Amino acid sequence: MSPNNNELRAIKSTIEGFYDTQYRAYLQMEYIDITPYLDISKIQNHNKVVALKTLVFRRKYMDEKKYCYIEKRRFPYEIHYKDIEIDGDKARAVIDLEIKVKEAYPPFISYGENIFELEKQEGRWKITRHIYNEWDLKAYELYTDKKLPEPDYEQIKEQIDKEFGVK
């Protein structure tokens, strides 16, 4: 087996692990560390972590308060690799993310074309940039150029209570 096949498998494993870990956190309503898949020095990736922490906290709080129905089923998705280019310690993967359009997917699932830029760091492929539907981007991680603050969980609770007319 050529090193290239090993590299392709490692890149696919990074992308698939990134999606799977987020989805598990979403369903368990507990943050699961996604930093092993990300170059956390990048603003976008920091914001992905903040967005996931916020999302799982919001879901758990709304579920505990019984404010609304919280989806707890995992809907299927398929990752179709259209192209993976490797140039030394850098790679670019173009995927088509296929979903069942009428189902309620988490906001980090942006169907259609997704482009991942990766870099090999200390022997592991890390996502340095994720390019996907701009509307989905703004609805989930908000920014790629401005670092979001860590979630303020008390403020989030107050905001949710207001959204549901409790306080």
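Details
- Using only side-chain charges placed at the Cβ, +1 for Lys and Arg and -1 for Asp and Glu, the dipole size of segment 1-121 relative to its Cα centre rounds to 740 debye.
- Only Cα pairs under 8 Å and 6+ residues apart enter the sum, and on that basis the relative contact order of the chain stands at 24 percent.
- Rounded percent of accessible protein surface that carbon and sulfur make up, segment 10-133, 1.4 Å probe: 47 percent
- Residue-averaged 222 nm ellipticity for the chain, from DSSP H runs of 4+ at -39500 (n - 2.57), nearest 500: -13000 deg cm²/dmol
- Count, lysine Cα pairs under 18 Å in segment 1-89, 8 or more residues apart or across chains: 4
- Positive-end ranking of Asn47, Ser110, Tyr67 along the dipole of the chain, with charges on Cβ about the Cα centre, is headed by Tyr67.
- The long axis of helix 43-64 is offset from the longest Cα principal axis of the chain by roughly 40 degrees.
- Size of electric dipole in segment 12-83: Cβ of Lys, Arg +1 and of Asp, Glu -1, about Cα centre, debye, nearest 20: 320 debye
- When the chain is treated as a Gaussian network with alpha carbon springs shorter than 10 Å, the biggest mean-square fluctuation among Gly88, Gly112, Gly17 belongs to Gly88.
- Cα-based reach from Lys162 at 14 Å (exclusive), listing aspartates and glutamates while leaving out same-chain residues under 8 positions away: Glu154
- Per residue solvent-accessible surface (Å²) - segment 28-166, probe of 1.4 Å: 59 Å²
- Candidates Ala93, Ala25, Ala139, ranked by Gaussian network fluctuation over the chain, Cα under 10 Å, top entry: Ala139
- Residue order by solvent-accessible surface for Lys138, Lys126, Lys167 is Lys167, Lys138, Lys126, largest first, with ligands and nucleic acids left out and a 1.4 Å probe.
- Residues considered: Arg124, Arg73, Arg59. Largest GNM mean-square fluctuation over the chain, using C-alpha springs under 10 Å, is found at Arg73.
The values are calculated or read from the model by the stated rules, or taken from the named source; none is laboratory data. Every value quoted in this text rests on a predicted model; they were computed, and no experiment measured them. Cβ coordinates were reconstructed from backbone atoms using ideal geometry, including for glycine residues, and neighbour counts include every protein chain displayed. Side chains included, ligands, DNA and RNA excluded: accessible areas come from the protein's heavy atoms. Shrake-Rupley method; radii C 1.70, N 1.55, O 1.52, S 1.80 Å.
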